[in-house]
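J.: Structure incoming, see below.
The values are calculated or read from the model by the stated rules, or taken from the named source; none is laboratory data. Nothing here was measured: the structure is a model prediction, and the numbers come from that model. We place every Cβ from the backbone using ideal geometry, glycine too, and count neighbours over all the protein chains shown.
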Amino acid sequence: MRLTLFVTCLVDTLFPAAGRATVELLERLGHDVDFPIEQTCCGQMHSNAGYEAGSLRLIRRFAETFEDAETIVTPSGSCAAMVRERYPRIAEMTGDARLASRLRALTPRVHELSELLIDVLDVEDVGASFPHRVTYHHSCHARRALGVQHQPLLLLRAVRGLQLAEIASAETCCGFGGTFAVKNPEASTAMLTDKLRNVLNTGAEMCVASDVSCLMHIGGGLARMRAGVRTLHLAEVLASTGEAR
Amino acid sequence: MSFREAARDALADSQMRANVRRATRTIGMRRAAAVAEVPDWEELRHAGASIKEATLRHLDVHLQRFESALQQAGGVVHWALDAQQACEIVLDIVRAERATEVIKVKSLTTDEIQLNEALSRAGVSAIETDLAEMIVQLAGDRQSHILVPAIHRNRAEIADLFRQRLGIEDVDDDPRSLTAAAREHLRERLLSVPVAISGANFAIAETGTVCIVESEGNGRMCTTLPRTLITVMGIEKLLPRWQDLGVMLQLLPRSATGERMSPYTSLWTGVTPGDGPQSFHVVLLDAGRTDALADPVGRQSLRCIRCSACLNVCPVYERTGGQAYESIYPGPIGAILAPQLSRLERNGDLPDASTLCGACYEVCPVRIDIPEVLVHLRGRRVRERRVGAGERLAMRALAATFARRESYEAAQRAAQIGRGPLRHAFWPGPLAAWRQSRDLPEVPAQSFRDWWRQR
């Protein structure tokens, strides 16, 4: 299948390994991956912070860049939710009916990576091997806005050698929340501390998630604690074939 | 004080945090169990939302029907544009009764209009009869939860309070002992005070009926024993038909306390000669509600039935407790309701007190999309220039950067050499806030797109 990658600004700039792993994984499964170089950011940060005009510019840009794509995949539950669940409504609320109808045609073709693998491509065993004990963090937007919950777990359970450790309070937010982390850093830290405690209690070597924003938060906390537990994007686990990494 | 400052103090209070965590988790689990036994819960939520939505759409009509039905049943209806008017109306009635004491139940709306303070200035003491409200009042404390105003206190603290303030020596932290002490304190007043003031959970337009649900029975005594009863309610509490209670009385108790039915559901319609209060007044309160109604996104907040399910699942509320919100309506619903009721003049920073995780929306019995309203209110603050110029400028610059590939890639390269917009030069305040407890990620030397170009 021809798949168009929306890599997201955060992966592109700060976590490119997750993007490379997404490409490697999809190509290994026999798909053609395309990357429109004009893409930048989905506008979620602007939208969530209340900057509608800025976000609308980026929404229009996304529509132009991905208009012709048949199937769009993104290694982020949060950005997928922004595009698929919120773009049309945002356009409607600004009264731009033409943009809204364009978006309604485009956005159902956007899938978060694990969702694409399980629900569209119908593959659970991607041929990965990863002999480590890991725990999985569900991002709030993937779980609640997209309804992505079982997909990453199915994929991880099929990985050879991988031991999946269940985490307590899996449904609770890590405290990132975009600007929340810097506008209310104390409350954010209190939430993060509880999340880190739960991560560490699993005895996992790594915390895996489908959103680098949560991983940046959890990983930033783990690094500050010198916890010796690192974070990894789901794509990196699924791309791994057990060779040196 | 800002939410951030108040939260910082609250987060340091380990006893409060333990009390709130324990209580919200207990109620949250009870709610989940009570909801799980209803096979058509999702349909009920949809029904609740559409009943409320339809009512709000024609609120003017329903309010007038309520007024005439209640007048026919012997009640008196008063209209209050704001808190001050509402307090004056209540004071006039209390003065006419020559009362120096009033008993109160379901006090949330009267707390919103600061009625107790107004009464006290006029020499009238208000006695809260809801156990948790009574605890807050005795302690000179502030409420921290919509349904359980003293949720930040544990039983041992309450027993201490009763010993000190009520002079009851033989009270311990057993719930029975605490209840007995409260009963001893309240019963005499319930039997002797001539005027009661209540809130309302629902009001039925076609019959002029008022409904409250409660757990202790003190509310029923308040609404039946005194000579005069005054109900203060927001105009959004209305339901068009009697049969709408069939939906709401399933949604509310399960969402609020995790019960199939509340121990006491009281309904009364006007005045019945020789039985119950012989004089009944309803004060219909606007106080910012019609402003919220005029906002196409914000108006869904008025569906709220004050169950507080959203508080009990909110990860922010669980950690900061309710007092940090500095509003009688705390938690996720407070973060959208409080700023709207004051036209963003007060509690303007509450919409930022959320990660938009969506746990609140998931449990809301009337499907208020709280994250959507939070984002909308953040937008209103930006449009009304209620956020700092620095942030506005930075966000505009960032949008301009993202809007063109060339500038986006230039910013990436600047970040890679360690001096660019994504690192130190950019927004030092937020970066310092991040680094309070989190390391910053290293910026890799090669972006994804550069890897893609070179492969």
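J.: Quick one: is A:Thr172 at pLDDT 95 or above and more than 9 Å from every other protein chain (Cβ to nearest Cβ)? Full working, then the answer.
T.: Numbers: at pLDDT 95 or above: yes; more than 9 Å from every other protein chain (Cβ to nearest Cβ): no.
Criteria not met by A:Thr172.
J.: Residue under question is B:Ala18, and the condition is that it be within 14 Å of another protein chain (Cβ to nearest Cβ) and in contact with a Lys or Arg (Cβ under 9 Å, 6 or more places away or on another chain); does it hold?
T.: Numbers: within 14 Å of another protein chain (Cβ to nearest Cβ): yes; in contact with a Lys or Arg (Cβ under 9 Å, 6 or more places away or on another chain): no.
Answer is no for this residue.
J.: Can you confirm whether B:Ala335 is touching a Ser or Thr at 6+ places or on another chain (Cβ under 7 Å), within 13 Å of another protein chain (Cβ to nearest Cβ), crowded, with 21+ Cβ neighbours inside 10 Å and closer than 21 Å to B:Gly234 by Cβ? Reasoning before the result, please.
T.: Values: touching a Ser or Thr at 6+ places or on another chain (Cβ under 7 Å): yes; within 13 Å of another protein chain (Cβ to nearest Cβ): yes; crowded, with 21+ Cβ neighbours inside 10 Å: yes; closer than 21 Å to B:Gly234 by Cβ: yes.
Yes.
Okay, residues lined up against (1) assigned by TED's automatic domain parsing to the domain that holds B:Ala414; (2) aliphatic (A, V, I, L, M); (3) more than 15 Å from B:Gly298 (Cβ to Cβ):
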| position | (1), (2), (3) |
| --- | --- |
| B:Ala324 | no, yes, yes |
| B:Arg346 | no, no, yes |
| B:Leu350 | no, yes, no |
| B:Leu374 | no, yes, no |
| B:Ala399 | yes, yes, yes |
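J.: A further question follows. Given the conditions (1) within 10 Å of chain A (Cβ to nearest Cβ); (2) among the charged types (D, E, K, R); (3) over 30 Å from A:Val33 (Cβ atoms); (4) free of Cβ contacts under 8 Å to residues at least 40 places away in the same chain, which single one is not true for B:Arg346?
T.: (1)
J.: Count, please, the residues in region A:11-20 that happen to be more than 7 Å from chain B (Cβ to nearest Cβ) and buried (at least 24 other Cβ atoms within 10 Å of the Cβ).
T.: 2
J.: Moving to a separate point now. If B:Thr355 passes every condition in (1) of a type in the set (Val, Ile, Thr); (2) touching a Cys at 6+ places or on another chain (Cβ under 7 Å); (3) part of a loop (DSSP other than H, G, I, E, B); (4) more than 30 Å from A:Asp12 (Cβ to Cβ) but one, which one does it miss?
T.: (4)
J.: Taking region A:117-137, which residues are closer than 25 Å to A:Val199 by Cβ and not in a loop (DSSP other than H, G, I, E, B)?
T.: A:Leu117, A:Ile118, A:Ser129, A:Arg133, A:Val134, A:Thr135, A:Tyr136, A:His137
J.: Output the helices (runs of 4 or more DSSP H) that fall wholly within region A:40-105 and possess 2 or more residues being more than 22 Å from B:Ser407 (Cβ to Cβ) and more than 13 Å from chain B (Cβ to nearest Cβ), or say none. I'd like the intermediate steps shown before the answer.
T.: Values: elements: A:44-49, A:52-66, A:77-81, A:87-93.
Result: A:87-93.
J.: Of all residues in region A:1-39, how many are part of a loop (DSSP other than H, G, I, E, B), closer than 30 Å to B:Gly388 by Cβ and without any contact (Cβ under 8 Å) to a residue 24 or more places away in the chain?
T.: Residues of region A:1-39 part of a loop (DSSP other than H, G, I, E, B): A:1, A:6-8, A:14-15, A:29-31, A:35-39.
If we keep only those that are closer than 30 Å to B:Gly388 by Cβ as well, we get A:8, A:14-15.
After this cut, where a residue has to be without any contact (Cβ under 8 Å) to a residue 24 or more places away in the chain as well, the list is none.
Total meeting the criteria: 0.
J.: Going through region B:119-136 one residue at a time, which ones are touching a helix residue (DSSP H, G or I) at 6+ places or on another chain (Cβ under 8 Å) and farther than 22 Å from B:Arg17 by Cβ?
T.: The answer is B:Leu119, B:Ala122, B:Val124, B:Ser125, B:Ala126, B:Ile127, B:Glu128, B:Thr129, B:Asp130, B:Leu131, B:Met134.
J.: Say we look at region B:387-412 and pick out the residues that are outside any helix (DSSP H, G or I) and modelled with pLDDT under 95; which of these is farthest from the other protein chains (Cβ to nearest Cβ)? Please lay out each step first, then the result.
T.: Within region B:387-412, the first condition is being outside any helix (DSSP H, G or I), and the residues that meet it are B:387-388, B:404.
Then keep just the ones that are modelled with pLDDT under 95; that gives B:387-388.
Details: B:Val387: 8, B:Gly388: 11 Å.
So the residue we want is B:Gly388.
J.: Which numbered condition trips up B:Leu377, out of (1) within 27 Å of B:Glu43 (Cα to Cα); (2) in a helix (DSSP H, G or I); (3) within 14 Å of another protein chain (Cβ to nearest Cβ); (4) in contact with a helix residue (DSSP H, G or I) (Cβ under 6 Å, 6 or more places away or on another chain)?
T.: Against the list (1) within 27 Å of B:Glu43 (Cα to Cα); (2) in a helix (DSSP H, G or I); (3) within 14 Å of another protein chain (Cβ to nearest Cβ); (4) in contact with a helix residue (DSSP H, G or I) (Cβ under 6 Å, 6 or more places away or on another chain), B:Leu377 comes up short only on (1).
J.: Restricting attention to region B:129-156, which residues are surrounded by fewer than 22 Cβ atoms within 10 Å (Cβ to Cβ) and not in a helix (DSSP H, G or I)?
T.: B:Gly140, B:Asp141, B:Arg142, B:Leu147, B:Asn154
J.: Turning to a different aspect of this structure: Only one of these conditions is not met by B:Ala7: (1) assigned to a helix (DSSP H, G or I); (2) loosely packed, with under 15 Cβ neighbours inside 10 Å; (3) touching an Asp or Glu at 6+ places or on another chain (Cβ under 8 Å). Which number is it?
T.: Only one criterion is unmet by B:Ala7, namely (2).
J.: Where residues in region A:21-55 are within 19 Å of the chain's Cα centre (by Cα) and among the β-branched types (Val, Ile, Thr), which of them is surrounded by the most Cβ atoms within 10 Å (Cβ to Cβ)?
T.: Of everything passing the filter in region A:21-55, A:Thr22 is surrounded by the most Cβ atoms within 10 Å (Cβ to Cβ).
J.: For B:Pro226, work out the one condition from (1) within 30 Å of B:Asn19 (Cβ to Cβ); (2) buried (at least 21 other Cβ atoms within 10 Å of the Cβ); (3) not hydrophobic (A, V, I, L, M, F, W, C) it doesn't fulfil.
T.: (1)
J.: Scan region A:194-239 for residues that are surrounded by fewer than 22 Cβ atoms within 10 Å (Cβ to Cβ), in contact (Cβ under 8 Å) with a residue 24 or more places away in the chain, more than 12 Å from chain B (Cβ to nearest Cβ) and under 21 Å from B:Arg319 (Cβ atoms) and jot them down.
T.: Within region A:194-239, A:Asn198, A:Leu200, A:Asn201 meet the criteria.
J.: Among the residues of region B:84-118, what is the count of those that are touching a helix residue (DSSP H, G or I) at 6+ places or on another chain (Cβ under 7 Å) and farther than 25 Å from B:Gly217 by Cβ?
T.: 5
J.: While we're looking at this one, here's another question. Hey, any hits in region B:287-298 for a residue that's within 14 Å of chain A (Cβ to nearest Cβ), in contact with a helix residue (DSSP H, G or I) (Cβ under 9 Å, 6 or more places away or on another chain) and surrounded by 24 or more Cβ atoms within 10 Å (Cβ to Cβ)? Spell out the reasoning first.
T.: Quick first cut of region B:287-298, residues within 14 Å of chain A (Cβ to nearest Cβ) only: B:295-298.
Filter once more, so that each one left must be in contact with a helix residue (DSSP H, G or I) (Cβ under 9 Å, 6 or more places away or on another chain): B:295-298.
The next check asks that each one be surrounded by 24 or more Cβ atoms within 10 Å (Cβ to Cβ); those that pass are none.
Checked against the condition, which is being within 14 Å of chain A (Cβ to nearest Cβ), in contact with a helix residue (DSSP H, G or I) (Cβ under 9 Å, 6 or more places away or on another chain) and surrounded by 24 or more Cβ atoms within 10 Å (Cβ to Cβ), region B:287-298 yields no hits at all.
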